[in-house]
Amino acid sequence: MKSKLDSHPTAKASAAVPLPSFWRSAGAQPVALLAGPCSAESPEQLLEVAQAMAAQGVQALRAGVWKPRTRPNQFEGRGAVALDWLQNVRQETGLALITEVASAAHVEAALAAGIDGLWIGARTTVNPFLVQEIAEALRGAQIPVLVKNPVNPDLALWLGGIERLAAVGITDLAACHRGFSSFGETRYRNSPQWEVPLELRRRHPELPLLGDPSHLAGKRELLRPVAQQMLDLGYDGLMIEVHPAPDSALSDPAQQLTPAAFAELVAALEPRQPDCPDAQYHQALEALRAQIDEADAEWLAALARRLAFVAEVGRLKHARGVQAFQLERWQDVHESRSTWADALGLKPEFVQRLLELLHIESLAHHAKASKTVSAASPSN
Ligand code: PEP
Ligand code: MN
């Protein structure tokens with residue numbers, strides 16, 4: 001089915017057409033950079049970080065004015081008064097400004113203050129009523145809007161938010177990947193689930209895709225590998241939190257960088273290009289891809305053979321009234337395949353995950369085979 005996004009003005013743009021400038025590198029940097037504090041805390045804090053970001057050549061200064069907090073009784077932003085500080089920062093530095101909106105009232109205040117761009121946060125994208133309210137408040141406005149992924153890995157909800165904005169005439173849209181919430185301690189504050197933004201890119205290659213390594217990683221020491229991964233995957237830009245004194249920040253102290261650490265991070269990022277015109281490179285690539293195709297055909301054939309044997313086992317067990325799942329065999333499969341994986345230089349955890357997927361499919365084949373037996377010989 002065609003979505004509203006398919007009729008978005010940028011939808012038919014070819015790769016040669018430049019992205020809207022707000023989401024595109026200004027030239028000196030490998031990707032678009034939107035940087036600034038998690039929250040606008042004071043006029044001085046904002047100006048100090050803005051001056052440093054202007055010197056870095058970022059596209060826009062980010063600063064939260066209204067902060068959506070997971071728990072009550074935390075700092076919820078300075079509110080509308082900080083919009084005045086932002087206006088002052090623009091006068092002083094010439095930087096474009098981007099802030100988060102989570103309601104129609106926020107949109108009205110931000111538009112009245114002449115804010116240059118808006119973002120919709122993860123806790124708002126998750127709520128279609130709120131996104132629709134924001135979209136209605138933006139009807140007729142021409143302002144770039146960045147839509148962060150919802151907190152849960154639901155691509156339809158993420159795209160739905162973008163479609164709601166496209167439907168009211170917002171043309172300068174971009175998506176921002178900041179990771180997904182999960183229960184319990186994990187390496188990152190939010191799990192990357194790279195497959196979700198990559199599927200968004202596959203479906204909508206015309207839509208600029210930015211990454212937010214700060215909220216994804218949650219710890220400043222993890223920012224660099226995450227940001228580099230985003231560049232490796234062809235993201236168009238990064239949104240990064242920068243604070244003059246991160247440890248005393250009123251929100252997200254662990255993930256904000258000092259301006260100096262931000263400059264270091266940007267300098268350390270290795271730019272990636274989408275392609276390379278070199279003929280030798282293309283030849284070598286084609287040859288390797290042909291071998292990958294062959295290897296894929298082999299393992300897919302092996303997979304089909306495996307599932308056919310599984311179906312046979314299913315029929316055999318069903319005929320004797322034996323249960324499908326047998327713990328000992330499953331443990332044996334796990335252990336032996338981990339050893340084989342290791343010997344082949346494959347990560348055992350990766351092979352475990354594959355096996356779990358395969359097991360679910362195998363049980364389904366098992367069940368199907370049992371039904372076939374029952375239908376063929378109801379007396380079984
Ligand atoms: C933010 O960017 O300050 C923010 C609250 O982000 P997120 O919506 O990704 O949590
Ligand atoms: Mn933050």
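The values are calculated or read from the model by the stated rules, or taken from the named source; none is laboratory data. Computed from a prediction, not measured in an experiment: that's the story for all the values here. Backbone-built Cβ (ideal geometry, glycine too); neighbour counts: all protein chains shown. Only protein heavy atoms, including side chains, enter the accessible area calculation; ligands, DNA and RNA are left aside. Shrake-Rupley method; radii C 1.70, N 1.55, O 1.52, S 1.80 Å.
Looking across the stretch 240-295 at every residue that is of a type in the set (D, E, K, R) and free of Cβ contacts under 8 Å to residues at least 40 places away in the same chain, the one that is nearest to ligand 1 (Cβ to nearest atom) is identified as 247. Filtering 72, 68 for residues that are within 16 Å of ligand 1 (Cβ to nearest atom), farther than 29 Å from residue 228 by Cα and either of a type outside the set (D, E, K, R) or surrounded by fewer than 23 Cβ atoms within 10 Å (Cβ to Cβ) (or both) leaves a single hit, 72.
Looking at the stretch 348-366, is at least one residue open to solvent by 100 Å² or more (accessible area, probe 1.4 Å), over 30 Å from residue 229 (Cα atoms) and either under 31 Å from the mean Cα position of the chain (by Cα) or modelled with pLDDT under 95 (or both)? Yes, that holds for at least one residue.
Scanning the stretch 49-82 for residues that are over 26 Å from the mean Cα position of the chain (by Cα), among the polar types (S, T, N, Q) and outside any loop (DSSP other than H, G, I, E, B) yields one hit, 51. Kindly provide the set of residues from the stretch 193-205 that are touching a residue at least 60 places away in the same chain (Cβ under 8 Å) and surrounded by 19 or more Cβ atoms within 10 Å (Cβ to Cβ), ordered by number. Listed by number, the list holds a single entry, 204. Inclusion of residue 218 among residues that are open to solvent by 10 Å² or more (accessible area, probe 1.4 Å) and within 16 Å of ligand 2 (Cβ to nearest atom) is warranted. The set of residues in the stretch 107-127 that are open to solvent by less than 50 Å² (accessible area, probe 1.4 Å), over 24 Å from residue 211 (Cβ atoms) and not aliphatic (A, V, I, L, M) contains only 114. Being of a type in the set (A, V, I, L, M, F, W, C), open to solvent by less than 10 Å² (accessible area, probe 1.4 Å), more than 29 Å from the chain's Cα centre (by Cα) and modelled with pLDDT of 95 or more, is that true of even one residue in the stretch 86-102? Within the stretch 86-102 (the criterion being of a type in the set (A, V, I, L, M, F, W, C), open to solvent by less than 10 Å² (accessible area, probe 1.4 Å), more than 29 Å from the chain's Cα centre (by Cα) and modelled with pLDDT of 95 or more), the answer is yes, since at least one residue qualifies.
Based on what the data block shows, is residue 31 at pLDDT below 95 and either within 16 Å of ligand 2 (Cβ to nearest atom) or β-branched (Val, Ile, Thr) (or both)? Yes: the conditions hold for residue 31. The set of residues in the stretch 128-138 that are in contact with a helix residue (DSSP H, G or I) (Cβ under 9 Å, 6 or more places away or on another chain) and of a type outside the set (Gly, Ala, Ser) comprises 128, 130, 131, 132, 133, 134, 136, 138. Restricting the first member to the stretch 178-192 and to residues that are under 16 Å from residue 238 (Cβ atoms), and the second to residues that are open to solvent by 50 Å² or more (accessible area, probe 1.4 Å) and within 12 Å of ligand 2 (Cβ to nearest atom), the beta-carbon pairs closer than 8 Å and six or more apart or on different chains are 179/189.
State whether the residues of the stretch 278-300 include one that is over 28 Å from residue 230 (Cα atoms), touching a His at 6+ places or on another chain (Cβ under 9 Å) and not aromatic (Phe, Trp, Tyr). No, that holds for no residue.
No other residue among 289, 272, 306 is part of a helix (DSSP H, G or I) and open to solvent by 80 Å² or more (accessible area, probe 1.4 Å) apart from 289.
How many of the residues in the stretch 83-98 are outside any helix (DSSP H, G or I) and either of a type in the set (Ser, Thr, Tyr) or within 15 Å of residue 42 (Cβ to Cβ) (or both)? If you could, list the steps in order and put the result at the bottom.
Of all residues in the stretch 83-98, those outside any helix (DSSP H, G or I) come to 94-98.
Right, trim to either of a type in the set (Ser, Thr, Tyr) or within 15 Å of residue 42 (Cβ to Cβ) (or both) and you get none.
So the answer is 0.
For the stretch 148-177, a residue qualifies if it is within 10 Å of the chain's Cα centre (by Cα) and open to solvent by 30 Å² or more (accessible area, probe 1.4 Å), and exactly one does: 153.
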